[in-house]
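Participant: Pasting a structure here, questions to come.
The values are calculated or read from the model by the stated rules, or taken from the named source; none is laboratory data. Note that the coordinates shown come from a computational prediction; the quantities given were computed from them, not determined experimentally. Here the Cβ positions follow ideal geometry from the backbone for every residue, glycine too, while neighbour counts run over all protein chains shown. Surface areas here come from the heavy atoms of the whole protein model, side chains and all, with no ligands, DNA or RNA. Shrake-Rupley method; radii C 1.70, N 1.55, O 1.52, S 1.80 Å.
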Amino acid sequence: MDNRPIGVFDSGLGGVTVLQELKKILPNEDFIYLGDTKHSPYGEKTKDELKKLVNNNIRFLLEKDVKVIVIACNTAASIGSNYYDKNYDIPFISVLEAGVDEVKDTDENILVAATQATINLGRYQKLIKKNHKDINVVGVACPDIVPAIEFSDLSKIDTQNIVDRYILEHSDGGFDGVILGCTHYPIFEKEFSKAIPSARLINPARRTAQMTREFLEKHNMLRLESDEYTSREEFYVSGDINIFKEKIERIFEKKIQNIDKIG
Ligand code: DGL
């Protein structure tokens, strides 16, 4: 048994789509969530910038004494595990590897919708092709989606239009599945499904949560269950606390109790 918290990080609030899935199947665990909102969007960063930010986030979570780190940011995970995995004595679960795992052997055409950096770095495309040799993988960058979610009032903008401008042209492409390859995109799940109704939507958050649970079970690292204990979550952001809180409450209908600013 290991009663330390699980660390989760993203560039902003998108990783909360992963946190929600984690909490569903790991209700006894404590969580530390880091949203690096000061440096969002990660999708516009270079690989070198991402390496620095990812390693800063990892170091922060290590100081909080977490037992495992869930990389709830596809863009961060796109730098490749060599740039983080080998340097730290802590297990990592990556949302990107979970997304790749959701592709089936019977899939012939897969669309990966993600940030510009994720598409440019090409890790999704490479890993999917490694596992499924004959598959056709098309990557589409959707650079306006994350800024819209992080910085605008969603009630005042045409969210369907933001998704349509990238996805509609692919809707007749015979895609078996569309990977929501950015943790912000499940917030627009309805819009994606309307833009490309014939493809199955793949939200890697669920598989990420399962992989985390499987890992903790396998290594006997689950938190000890106890009737008196209520699981805790702490949030840390590098940008404005109030904007983050207000967004989370509005988008996820979730109240945040413990939140602090870092840096
Ligand atoms: N949510 C992140 C991802 O999964 C990136 C968002 C950003 O561009 O900051 O890729």
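Participant: Please give every one of the lysines within straight-line cross-link reach of Lys64, meaning a C-alpha to C-alpha distance under 25 Å, and leave out same-chain neighbours fewer than 8 residues apart.
Facilitator: Lys23, Lys24, Lys38, Lys51, Lys52, Lys86, Lys218, Lys245, Lys247, Lys254, Lys255, Lys261
Participant: Starting from the Cα of Lys126, draw a straight line to each of the aspartates and glutamates and keep only those under 20 Å, dropping any in the same chain fewer than 8 residues away.
Facilitator: Output for Lys126: Asp48, Asp85, Glu97, Asp101, Glu102, Asp105, Asp107, Glu108, Asp134, Asp176.
Participant: Would you rank His170, His219, His184 by solvent-accessible area, highest first, keeping every protein chain in place and using a 1.4 Å probe?
Facilitator: His219, His170, His184
Participant: In degrees from 0 to 90, rounded to the nearest 10, what is the angle of the helix 204-218 Cα long axis to the longest principal axis of the chain?
Facilitator: Taking Cα atoms only, the helix is inclined about 40 degrees.
Participant: Remind me, relative contact order of the stretch 60-208 in percent, using alpha carbon pairs under 8 angstrom and six or more residues apart?
Facilitator: Over the stretch 60-208, the number comes to 28 percent.
Participant: Which angle from 0 to 90°, rounded to the nearest 10, does the C-alpha axis of helix 16-25 make with the longest principal axis of the chain?
Facilitator: Helix 16-25 and the main axis of the chain meet at about 60 degrees.
Participant: Now for a different question. Stretched out fully, how many nm does the piece from Asp65 to Asn28 gain, at 0.36 nm a residue minus the Cα gap?
Facilitator: 11.6 nm
Participant: Mind checking the dipole of the stretch 117-186: about its Cα centre, +1 per Lys or Arg Cβ, -1 per Asp or Glu Cβ, Debye to the nearest 20?
Facilitator: Here the size comes out at about 500 debye.
Participant: Same structure again: Which of Ile110, Pro91, Leu19 sits farthest toward the positive end of the charge dipole of the chain, with +1 on the Cβ of Lys and Arg and -1 on the Cβ of Asp and Glu?
Facilitator: In the chain, that residue is Pro91.
Participant: Counting each DSSP H run of 4 or more residues in the chain as -39500 (n - 2.57), what helix-only mean residue ellipticity at 222 nm follows after dividing by all residues, to the nearest 500 deg cm²/dmol?
Facilitator: Theoretical 222 nm ellipticity from helices: -11000 deg cm²/dmol.
Participant: For the stretch 93-129 and the stretch 209-249, compute the distance between their C-alpha centroids and round to whole Å.
Facilitator: Result: 25 Å between the Cα centres.
Participant: Ok, one more. Suppose every Lys and Arg Cβ carries +1 and every Asp and Glu Cβ carries -1, with no other charges. What dipole size does the chain come out with about its Cα centre, to the nearest 20 debye?
Facilitator: The dipole magnitude comes to about 400 debye.
Participant: Could you state the angle between the C-alpha long axis of helix 47-63 and the longest principal axis of the C-alpha atoms of the chain, as a value from 0 to 90 degrees rounded to the nearest 10?
Facilitator: For helix 47-63, the angle is close to 30 degrees.
Participant: In whole angstrom, and with the biggest value first, how far do the Cα coordinates of the stretch 58-97 range along each principal axis?
Facilitator: Rounded to whole Å, the extents work out to 24, 18, 14 Å.
Participant: While we're looking at this one, here's another question. Let me check the size of the stretch 126-225 from its C-alpha atoms; what are the radius of gyration and Dmax in Å?
Facilitator: Taking only Cα atoms of the stretch 126-225, I get Rg and Dmax of 16.7, 50 Å.
Participant: I've got another one for you. Between Tyr88 and Arg200, what is the label-to-label distance in nm when each label sits 7 Å out along the Cα-to-Cβ direction?
Facilitator: 3.2 nm
Participant: A follow-up question, please. Please report the accessible area of Leu121 (heavy atoms, 1.4 Å probe, ligands and nucleic acids excluded) in Å², nearest 10.
Facilitator: Its accessible surface works out to 60 Å², give or take rounding.
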